[in-house]
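What follows is a single structure, written as structure tokens, with notes after it.
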Amino acid sequence: MAKTGTTSQGLREAIERSGYYPALVAEAVEAAVGREPVVSFLVHQETTFDSNEVRRHATVLVLTGTRFIVSHTDEQPADGNAPTSYATTSTESVKLNRISSVVLSRVVADPQSYVPGTLPREVVLTIGWGAVSRIDMEPANCGDPNCEADHGYTGSSTADDLSLRVSEAGDGPETVRQALEFAQALSEATAVSGR
């Protein structure tokens, strides 16, 4: 379930509608946002199955005039250290000028018949600001199939701080639309802040 909008009141309402520990999630997000006006937001709840357990995860993305705020809330089952289940909420506030990439991947069905404006089947929003990077390495070669020389390694480094996937089948078409709108607002905001 995802909700998007542009006001602090709308943000609180979207968190409450998600039904996922709304008091806990709202308090954490509102503390991170502070008094700054909300430009855009996206609330996304994901349910996963882990062995015999159902686990939920909520991600709240908030865009203000100067910052990108991301909040994650996870529930954990009772274990040897905790006799009852518990939830963990974290927030991170990133200055817009620190965001180095906003990547939006779209998956469309029947691409040869694509009509502009048609919603993708799913989108993956990946945002990088330098807190987490992934390095993919592989042996380098010169292209000669008979060459036995050691050419070292080649690779790439990718900023991969946040990746959020929404799909029409799992989340509904409105959620896909909302993710596209948030991605556009964030992309535009980072372009302006980088000047």
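The values are calculated or read from the model by the stated rules, or taken from the named source; none is laboratory data. Nothing here was measured: the structure is a model prediction, and the numbers come from that model. Every residue, glycine as well, gets a Cβ built from its backbone with ideal geometry; the counts of neighbours run over all protein chains shown. Areas reflect the complete protein model, heavy atoms only, side chains present, ligands, DNA and RNA absent. Shrake-Rupley method; radii C 1.70, N 1.55, O 1.52, S 1.80 Å.
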Students often check this: by mean Cβ neighbours within 10 Å, which of 172-180, 17-25 ranks highest, and how do the rest follow? 172-180, 17-25
Semi-axes of the stretch 65-195 from the Cα gyration tensor (sqrt of 5 times each eigenvalue, largest first, whole Å) come to 32, 26, 20
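Per-residue counts of other Cβ atoms within 10 Å, averaged by peptide: what ranking do you get for 139-148, 60-69, highest first?
Per-residue Cβ counts within 10 Å, averaged per peptide and sorted highest first, yield 60-69, 139-148.
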Length added when fully stretched, Tyr153-Thr48, from 0.36 nm per residue minus Cα-Cα: 34.1 nm
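Expressed in nm², what is the orientationally averaged projection area of the convex hull enclosing the Cα positions of the stretch 44-84? Don't skip to the answer; put the middle values down first.
Values: hull surface 15.9 nm².
Mean orientational projected area (the stretch 44-84, Cα hull): 4.0 nm².
Quick check: residue separation of Ala78 and Val103 times 0.36 nm, minus the Cα distance between them. What number comes out in nm? Let's see the in-between values first.
Details: separation 25, 0.36 × 25 = 9.00 nm, distance 3.68 nm.
My answer for the length gained is 5.3 nm.
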With Cα atoms, 0 to 90° folded angle of helix 173-193 axis to the chain main axis: 70 degrees
Ignoring ligands and nucleic acids, what accessible area does Glu27 show with a 1.4 Å probe (Å², nearest 10)? 130 Å²
Please determine, in degrees from 0 to 90 and to the nearest 10, the orientation of helix 22-33 with respect to the longest principal axis defined by the Cα atoms of the chain, where the helix direction is its Cα long axis. 70 degrees
Compute the distance in nm between two label points, each set 7 Å from the Cα along the Cα-to-Cβ direction, one at Ala87 and one at Glu188. 3.2 nm
